[in-house]
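Reading through the structure tokens given below for one structure.
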Amino acid sequence: MEIYYLVFHYDSLFLHWIYNVIYKMKTLERLVAEKLLKIKAVKLQPTNPFTWASGWKSPIYCDNRKTLSYPAIRSFIKVELARVISEKYESAEAIAGVATGAIAQGALVADLLGLPFVYIRATPKDHGLENLIEGELKPGSKVVILEDLVSTGGSSLKAVEAIRNFGCEVIGMVAIFTHGFPVAAKQFKQAQVELTTLSNYDAVIEEAVRTNYVDQAEIATLQEWRKDPANWNPVTK
């Protein structure tokens, strides 16, 4: 892992120097938020909210799989995820992506780090070996789980449970984006899982205001939603 670390470590430092010069020392959270908004991986519609699969009404929709279609952004996110893992979880012995959103990016990150990769299904296959974890994972391995998006944390922590039940240690989870719900923070704390993300809801709102994606009048709506998303009742046009 050391050789791979040296290669991408210096690449990452160079990229950071370039970005710091161009964007005047923006934080990583803001940089990632800007890129997600630019390619519409994150969309904000305070006056015409989306409906999530859960039935929740939401002024935001996030599809980080779109980043895979933009080579420069795909590589940027890959390097930053790998940097976080190498800096925080040097003892990592495998990377596990959560299906389906984190499979591709997880494989890219594992390749950069020179580590084995597996992915975790939401439910076991209903045929063949009925696997929940796809790939070769050695029991006892120290695993970092990679997610594309963390909302309430439910599906993410099911992946943690699957890895633990397999006899491995989850030493952390890294994700591209989080909505920052209090319920998620509580659940991760209870599960004793450290979560690190490249960007978050607050950074997206800051960038959206800076670029006039939303106006000042819509900020209150965006902030109100996150307080109680399950019961949010939007006023639509």
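Points to keep in mind about this one:
- Of all residues making up segment 196-237, the number that are farther than 16 Å from PRO182 by Cα and open to solvent by 50 Å² or more (accessible area, probe 1.4 Å): 13
- Test for SER91: is it out of contact with any His (no Cβ under 8 Å at 6 or more places or on another chain), modelled with pLDDT of 95 or more and among the hydroxyl-bearing types (Ser, Thr, Tyr): yes
- Near pairs, Cβ below 6 angstrom, 6+ apart or cross-chain, from segment 68-79 (open to solvent by less than 80 Å² (accessible area, probe 1.4 Å)) to any residue that is of a type in the set (Val, Ile, Thr): ILE73/THR67; ARG74/THR67; ILE77/THR67; LYS78/VAL109
- Pair list, Cβ under 6 Å, 6 or more apart: segment 19-47 residue part of a loop (DSSP other than H, G, I, E, B) and crowded, with 18+ Cβ neighbours inside 10 Å, other residue among the polar types (S, T, N, Q) and modelled with pLDDT under 95: PRO46/THR221
- Only one of the listed residues (PHE177, PHE166, PHE181) is in contact (Cβ under 8 Å) with a residue 60 or more places away in the chain and buried (at least 16 other Cβ atoms within 10 Å of the Cβ). That residue is PHE177.
- Considering (1) open to solvent by 50 Å² or more (accessible area, probe 1.4 Å); (2) in a loop (DSSP other than H, G, I, E, B), the lone condition that ASP111 does not fulfil carries the number (2).
Results for (1) of a type in the set (A, V, I, L, M); (2) closer than 17 Å to ALA159 by Cβ, shown as yes or no for each residue.
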| residue | (1), (2) |
| --- | --- |
| LYS78 | no, no |
| ALA82 | yes, no |
| ILE85 | yes, yes |
| GLU90 | no, no |
| ALA99 | yes, yes |
| ALA102 | yes, yes |
| LEU108 | yes, no |
| LEU112 | yes, no |
| VAL118 | yes, yes |
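- VAL193 meets each of the listed conditions (1) assigned to a loop (DSSP other than H, G, I, E, B); (2) modelled with pLDDT of 95 or more; (3) open to solvent by 20 Å² or more (accessible area, probe 1.4 Å) apart from (3).
- GLY128 part of a loop (DSSP other than H, G, I, E, B), open to solvent by 20 Å² or more (accessible area, probe 1.4 Å), at pLDDT 95 or above and over 24 Å from THR197 (Cβ atoms): no
- Selection status of GLY97, in contact (Cβ under 8 Å) with a residue 40 or more places away in the chain, part of a loop (DSSP other than H, G, I, E, B), buried (at least 19 other Cβ atoms within 10 Å of the Cβ) and touching a strand residue (DSSP E or B) at 6+ places or on another chain (Cβ under 7 Å): no
The values are calculated or read from the model by the stated rules, or taken from the named source; none is laboratory data. This is a predicted model, so every value here is computed, not measured. Here Cβ is always computed from backbone atoms with ideal geometry, including for glycine, and neighbour counts include all displayed protein chains. For accessibility, only protein heavy atoms count, side chains too; no ligands or nucleic acids. Shrake-Rupley method; radii C 1.70, N 1.55, O 1.52, S 1.80 Å.
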